[in-house]
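The values are calculated or read from the model by the stated rules, or taken from the named source; none is laboratory data. Everything numeric in this text was worked out from a predicted model, so none of it was measured. With ideal geometry, Cβ positions are generated from the backbone for all residues, glycine too; neighbour counts draw on all protein chains shown.
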């Protein structure tokens with residue numbers, strides 16, 4: 001749970017929405033300060049995977065009080081960030097999961113193409129062809145293509161089951177959530193979910209499709225979600241435990 005700090009000031013100096021870098025726990029992280037008309041107190045959050053920090057403030061909070069709030073919670077940030085997995089950069093030799101199965105990254109600069117799946121005596125491989133500089137982007141593009149293929153098929157299956165249609169299916173690299181469903185029926189998914197086991201991918205799609213019928217997280221929603229994905233509880237727990245590590249992998 002984020003920390004909160006109530007402020008009552010007679011003549012506050014407004015703080016504009018801004019982004020800057022912040023040093024904490026030996027890391028330099030992007031910090032985003034967001035003013036929200038509905039906020040009644042200052043809140044501090046760590047993005048999934050420890051990729052950044054976010055402070056939400058009510059209108060009119062003084063800049064000095066934002067700094068004091070941040071200083072007061074340095075210890076909390078250090079403790080939390082110490083538990084966040086390292087952010088490995090994808091490169092030849094390391095392993096990343098594909099549908100929950102670890103694949104070693106192999107670079108073949110002398111061949112043309114993008115990414116292919118192979119296997120040798122050590123196990124499954126992701127073979128990245130072409131210039132080494134483009135390896136992270138090509139792996140990200142590969143996961144996006146795999147996500148589009150698998151998730152669009154799952155959306156079609158689950159929407160047929162509930163008798164609803166999705167307006168559109170989109171893919172992004174979001175840091176705060178794995179999926180979303182808008183009121184007009186647009187479904188969005190993080191392409192990073194392709195690193196999770198196949199049952200977890202199915203759960204995520206079932207979860208968002210269920211929102212086409214139940215735009216809430218009430219009992220009817222969870223009942224429908226479990227009808228679409230009987231393994232909802234286990235898959236939901238897996239994503240809570242392991243999602244941060246998937247968000248932490250760097251494809252920049």
Restricting attention to the range 211-233, which residues are closer than 29 Å to residue 96 by Cβ, outside any loop (DSSP other than H, G, I, E, B) and touching a residue at least 24 places away in the same chain (Cβ under 8 Å)? 228, 232
Which condition breaks for residue 46 when tested against (1) over 30 Å from residue 132 (Cβ atoms); (2) out of contact with any helix residue (DSSP H, G or I) (no Cβ under 9 Å at 6 or more places or on another chain); (3) crowded, with 17+ Cβ neighbours inside 10 Å? (2)
Sort out which residues of the range 86-106 are over 23 Å from the mean Cα position of the chain (by Cα) and surrounded by 16 or more Cβ atoms within 10 Å (Cβ to Cβ), and write them in order of number. 106
When every residue in the range 14-41 that is modelled with pLDDT of 85 or more and surrounded by fewer than 15 Cβ atoms within 10 Å (Cβ to Cβ) is compared, the one nearest to residue 78 (Cα to Cα) is 34
